[in-house]
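Below is one structure; the comments refer to it alone.
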């Protein structure tokens, strides 16, 4: 369950801003590896930040059946306006 009223940490804010800007510029989300590279963290570290942003209700991850999906991060509607 999302903890929608919890504030983001400074690092979460930075990563969220990067994801938002990337989506605005490219019309698709960055990969976990791109997030990891941008912030000099491991892909596992990037995934932990992604999960925290999901838990705090800022992003969602679209799951698709079969195969790997690399660019599946979407913003929660409240952050678009």
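Details
- Residue count, segment 23-62 (criterion: free of Cβ contacts under 8 Å to residues at least 40 places away in the same chain, surrounded by 19 or more Cβ atoms within 10 Å (Cβ to Cβ) and within 19 Å of residue 10 (Cβ to Cβ)): 4
- Total residues in segment 47-64 satisfying the condition of being assigned to a helix (DSSP H, G or I) and closer than 18 Å to residue 36 by Cα: the figure is 8.
- Subset tally (residues that are in a helix (DSSP H, G or I) and surrounded by 15 or more Cβ atoms within 10 Å (Cβ to Cβ)) for segment 1-22: 7
- Filter pass, residue 38 being assigned to a helix (DSSP H, G or I) and modelled with pLDDT under 85: no
- Check on residue 36, under 16 Å from residue 71 (Cα atoms) and over 9 Å from the mean Cα position of the chain (by Cα): yes
The values are calculated or read from the model by the stated rules, or taken from the named source; none is laboratory data. Just so you know, these numbers come straight off a predicted model, no measurement behind them. Quick reminder, even Gly has a Cβ in these numbers, built from the backbone with ideal geometry, and neighbours come from all protein chains shown.
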